[in-house]
Amino acid sequence: MTGLPTHDETIIEVWVNCPDEATASAIADRIVDERLAAAANIYPPISSRYHWKGRIERASEVPLLLKTRRSLFEALAARITELHPYETPSILGIEAALANQAYLAWLIDETTD
């Protein structure tokens with residue numbers, strides 16, 4: 001494992017909850033195709049609770065995990081916002097503290113035009 005050397009090479013995982021698998025799949029396909037992320041994982045549905053417009057909502061959601069570079073976060077978040085049906089989608093980026101060098105090189109290559 002190696003520490004990530006520069007800001008531009010920092011890997012982040014971006015979590016996005018979607019209303020269903022079809023939405024998660026459509027967003028994942030577009031984001032990977034556009035090279036805003038190198039990889040996407042779609043998880044089984046989860047049960048969510050959240051405040052929305054003065055009420056506590058309960059919903060089934062499908063988590064989408066995207067793997068990309070920190071330097072692409074703003075463009076990625078903007079594109080997800082365009083594609084996502086929610087008025088205010090949750091788009092959370094978490095920096096990876098460590099990554100193996102081969103994966104880091106692959107991710108950078110796959111997110112570069």
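Only the coordinates and a few stated rules stand behind these numbers; no lab work does. All values reported here derive from a predicted model rather than from experimental measurement. Here Cβ is always computed from backbone atoms with ideal geometry, including for glycine, and neighbour counts include all displayed protein chains.
Here are the numbers for this structure:
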quantity	calculated
Residue pairs meeting the criteria (Cβ under 8 Å; at least 6 apart or on separate chains; first closer than 24 Å to A96 by Cβ, in the range 12-25; second in a strand (DSSP E or B) and of a type in the set (D, E, K, R))	I12/K67; I12/R69; I12/E95; E13/K67; V14/K67; N17/E61; C18/E61
Sole exception among (1) touching a helix residue (DSSP H, G or I) at 6+ places or on another chain (Cβ under 9 Å); (2) on the phi < 0 side of the Ramachandran plot; (3) surrounded by 12 or more Cβ atoms within 10 Å (Cβ to Cβ) for R35, by number	(2)
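Here's the yes/no breakdown for (1) among the acidic types (D, E); (2) surrounded by fewer than 11 Cβ atoms within 10 Å (Cβ to Cβ); (3) touching a residue at least 60 places away in the same chain (Cβ under 8 Å):
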{"site": "T68", "(1), (2), (3)": "no, no, no"}
{"site": "S71", "(1), (2), (3)": "no, no, yes"}
{"site": "E87", "(1), (2), (3)": "yes, yes, no"}
{"site": "G93", "(1), (2), (3)": "no, no, yes"}
